[in-house]
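J.: Attaching a single structure in structure tokens format; questions to follow.
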Amino acid sequence: MFLSKELANFIVVAKNKSINKATKELFITQSPISRSLKKLEFSLGVKLFVRKGQGLALTEEGEHLYNKVLSIYEQLKNIEMDYKSHKSPYYDIYKKQYDD
């Protein structure tokens, strides 16, 4: 919700060092993950991964990005989970207003 899919996919692939493993965690196929990584690389103007044997390794730029965004990503995920598990007292009023 707070982060782009491209950045979220990047973080999961970087943690798993594999697109195949990331597909299981993200519940999506390889193709959208690969496209989102290419889109992120294009928008940043840097290569983030290199192929290594059966998996992937971060480039120097990829490692730098990963280290900068990981803690922010985890904090935003926690905030999102908190809000999803604890509805605001205004949620029912808000929902009713838009259901009518």
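The values are calculated or read from the model by the stated rules, or taken from the named source; none is laboratory data. These numbers come from a predicted model, not from an experiment. In this analysis, Cβ positions are derived from the backbone assuming ideal geometry, glycine residues included, and neighbour counts consider all displayed protein chains. Surface accessibility is based on the protein's heavy atoms, side chains included, excluding ligands, DNA and RNA. Shrake-Rupley method; radii C 1.70, N 1.55, O 1.52, S 1.80 Å.
J.: Considering LEU26, LEU37, LEU7, LEU44, which residue is within 11 Å of the chain's Cα centre (by Cα) and without any contact (Cβ under 8 Å) to a residue 24 or more places away in the chain? Spell out how you get there, then give the answer.
T.: Values: LEU37 fails: without any contact (Cβ under 8 Å) to a residue 24 or more places away in the chain; LEU7 fails: without any contact (Cβ under 8 Å) to a residue 24 or more places away in the chain; LEU44 fails: within 11 Å of the chain's Cα centre (by Cα).
Sole residue among the options that is within 11 Å of the chain's Cα centre (by Cα) and without any contact (Cβ under 8 Å) to a residue 24 or more places away in the chain: LEU26.
J.: Six or more apart or on different chains, Cβ atoms under 9 Å: show the pairs whose first residue is in region 53-80 and touching a residue at least 24 places away in the same chain (Cβ under 8 Å) and surrounded by 11 or more Cβ atoms within 10 Å (Cβ to Cβ) and whose second is of a type in the set (D, E, K, R) and not in a helix (DSSP H, G or I).
T.: GLY55/LYS17; LEU56/LYS17; ALA57/LYS17; ALA57/ARG51; LEU58/LYS17; GLY62/LYS47
J.: Which ones in region 40-52 are in contact with a Lys or Arg (Cβ under 9 Å, 6 or more places away or on another chain) and open to solvent by 50 Å² or more (accessible area, probe 1.4 Å)?
T.: Answer for region 40-52, where residues must be in contact with a Lys or Arg (Cβ under 9 Å, 6 or more places away or on another chain) and open to solvent by 50 Å² or more (accessible area, probe 1.4 Å): just LYS52.
J.: Also, quick follow-up: I'd like the full set of residues that are touching an Asp or Glu at 6+ places or on another chain (Cβ under 9 Å) and open to solvent by 50 Å² or more (accessible area, probe 1.4 Å), limited to region 4-26.
T.: LYS15
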